[in-house]
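The values are calculated or read from the model by the stated rules, or taken from the named source; none is laboratory data. As the structure is a prediction and not an experimental result, all values here were calculated from the model. When we count neighbours, we look across all protein chains shown, and the Cβ atoms used for this are built from the backbone with ideal geometry, even at glycine. Note: accessible area is taken over every heavy atom of the protein model, side chains too, but ligands, DNA and RNA are not part of it. Shrake-Rupley method; radii C 1.70, N 1.55, O 1.52, S 1.80 Å.
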Amino acid sequence: MRQLQKAASVAAFLIVAGLLIHNLNALYFEPYTLGFENKATDYGDMAKIENALWSFSFTSSGIAHIVVGCSLMIVGLFLSEYFRTRLPIAAKFLLLSAVLSGLGFVLTGISDIPGTVYAGILRDLNPAQNTEILLMTTIFRGMVNILAIAALGAFAGTVAWCAGRTDTFPKGLRIFAWINVLPGIMSLVFPPAGFAYIQLLPLWMLWLGWRIRTLPVPH
């Protein structure tokens, strides 16, 4: 258990690093070097998407998505084990939400890196369907990203609920967890609004990673 605890703490800090890359891309590289100024419309412009393929922003974002997804599953596994004895059903739901969110992030990264290679081969072989293929890959990426963000909200809410029932984390950390539920809800109503998680998650995950490191657990 102690080894899993250390792994979860490191994984939380890796999520922070991945989200810092996302923030750098979202707040600087994408609007100022790639022209993505309006998230509600510009990501539907296939000319801009094609121009951004293999840019530093899109490539680093893809790698970061995979790292975040795998790391989130590790954090979820530890917290599920930690709460399993006292809250067995909630612990299972916590793990499920972490796995679903992690899978969504990993699939987003797969779409960004090997998916772009595969789509490039298809576009070269079918130049008349260039825009249609870009639209298909963009739709797939958007759908799995919604899965990642919505399940992330469920994960944050479950962590907050479990922590409140067991008095595990400070009240401020639990409140911040509930705030991180909001992007998940918004992503199901108006997907572009769900990207608020990019600004909210790093601080919460940094705090959570530190608290995980200091939790008393058996060796």
Restricting region 43-97 to residues that are among the basic types (Lys, Arg) and in contact (Cβ under 8 Å) with a residue 12 or more places away in the chain, the residue that is farthest from Ala11 (Cα to Cα): Lys48
Selected residue [in contact with an Asp or Glu (Cβ under 8 Å, 6 or more places away or on another chain), open to solvent by less than 40 Å² (accessible area, probe 1.4 Å), assigned to a helix (DSSP H, G or I) and more than 14 Å from Leu208 (Cβ to Cβ)] from Ser97, Ser61: Ser61
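Just wondering, is there one or more residues in region 76-88 that are acidic (Asp, Glu) and either under 16 Å from Cys162 (Cβ atoms) or open to solvent by less than 40 Å² (accessible area, probe 1.4 Å) (or both)?
At the first step, the residues of region 76-88 found to be acidic (Asp, Glu) are 81.
Retained after the next criterion (residues that are either under 16 Å from Cys162 (Cβ atoms) or open to solvent by less than 40 Å² (accessible area, probe 1.4 Å) (or both)): 81.
Yes, region 76-88 contains at least one residue that is acidic (Asp, Glu) and either under 16 Å from Cys162 (Cβ atoms) or open to solvent by less than 40 Å² (accessible area, probe 1.4 Å) (or both).
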Residues satisfying the stated conditions in region 142-163, i.e. modelled with pLDDT of 95 or more and not aliphatic (A, V, I, L, M): Asn145, Gly153, Phe155, Gly157, Thr158, Trp161, Cys162
Residue list for region 131-150, filter: open to solvent by 10 Å² or more (accessible area, probe 1.4 Å) and either touching a residue at least 40 places away in the same chain (Cβ under 8 Å) or not in a helix (DSSP H, G or I) (or both): Thr131, Leu135, Thr138, Gly142, Val144, Ile146, Leu147, Ala150
Of all residues making up region 169-186, the number that are out of contact with any Phe, Trp or Tyr (no Cβ under 8 Å at 6 or more places or on another chain) and open to solvent by less than 30 Å² (accessible area, probe 1.4 Å): 2
